[in-house]
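The values are calculated or read from the model by the stated rules, or taken from the named source; none is laboratory data. Because the structure is a prediction, the values reported are computed rather than measured. When we count neighbours, we look across all protein chains shown, and the Cβ atoms used for this are built from the backbone with ideal geometry, even at glycine. In case anyone asks, the SASA skips ligands and DNA or RNA and just uses the protein heavy atoms, side chains included. Shrake-Rupley method; radii C 1.70, N 1.55, O 1.52, S 1.80 Å.
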Amino acid sequence: QVQLVESGGGLVQAGGSLRLSCLASGSTDGINYMAWYRQAPGMQREMVAVRRSDGTTNYSSSVKGRFTVSRDNAKNTMYLQMDSLRPEDTAVYYCYAFWIGRGYWGQGTQVTVSS
């Protein structure tokens, strides 16, 4: 199994930056891909960024060019660098890992962007 713990959320002004971290533990060698999702109040959870085991990435159109996903395999940690933040980026951000046919979620970290 895989355990995921996010950190790095907080309150930031519009135009500012934050870096989220997702520490993976357990059977991390078999992870096919990891991703960041977010969920705003009253909205469905949406994919923000995906990083596959081969290093390829995809981003939602709403964050492309502003967010960057990366992974430090030695530290078993995935990051989400968020720049040029907007109030509409306010949400709980979740880390996700797909491992041997099953998905795992972290507990989420709150990101609030003030205007």
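Taking H placed 1.01 Å from N in the peptide plane, check which residues at least 5 places from GLY10 or on another chain put their amide H under 5 Å from its amide H.
Residues meeting the amide H criterion: VAL111, THR112.
Please report the relative contact order for the chain, taking Cα pairs under 8 Å with a sequence separation of at least 6, and give it as a percent rounded to a whole number.
37 percent.
How much of the accessible area of segment 30-115, probe 1.4 Å, is carbon plus sulfur, in whole percent? Before the final figure, lay out each step's value.
Details: 2060 of 4410 Å².
Percent of accessible area from carbon and sulfur atoms in segment 30-115: 47.
Output ³J(HN,Hα) for segment 62-74: one whole-Hz value per residue in order, computed from phi by the Karplus curve 6.51 cos²θ - 1.76 cosθ + 1.60 with θ = phi - 60°, and x for Gly and Pro.
Each residue's phi maps through the Karplus curve to give 6, 10, 4, x, 10, 10, 9, 9, 8, 9, 9, 5, 5 Hz.
Placing unit charges on C-beta atoms (Lys and Arg positive, Asp and Glu negative, everything else neutral), compute the dipole magnitude of the chain about its Cα centre in debye, rounded to 20.
80
Kindly write out, for segment 42-49 in residue order, the coupling ³J(HN,Hα) from the Karplus curve 6.51 cos²θ - 1.76 cosθ + 1.60 (θ = phi - 60°), rounded to whole Hz, with x marking Gly and Pro.
Along segment 42-49, the couplings run x, 10, 6, 5, 10, 6, 9, 7 Hz.
Given Cβ point charges of +1 (Lys, Arg) and -1 (Asp, Glu) and nothing else, what value in debye, to the nearest 20, does the dipole of segment 59-115 about its Cα centre take?
160
Rounded, prolate or oblate: which fits the chain, taking a ≥ b ≥ c as square roots of the Cα gyration tensor eigenvalues, rounded meaning a/c under 1.5, else prolate when a/b beats b/c?
Prolate.
Below 10 angstrom from the Cβ of TRP105, what's the summed charge of the other residues (Lys, Arg +1; Asp, Glu -1)? All intermediate terms of the calculation are to be shown ahead of the outcome.
On the way: positive: ARG45; negative: GLU6.
Spelling it out: positives minus negatives among the neighbours equals 0.
Please list, in order along segment 19-35, the HN-Hα scalar couplings obtained from phi with the Karplus expression 6.51 cos²θ - 1.76 cosθ + 1.60 (θ = phi - 60°), rounded to whole Hz, x for Gly and Pro.
10, 8, 10, 9, 8, 9, 9, x, 8, 7, 5, x, 5, 6, 7, 10, 8
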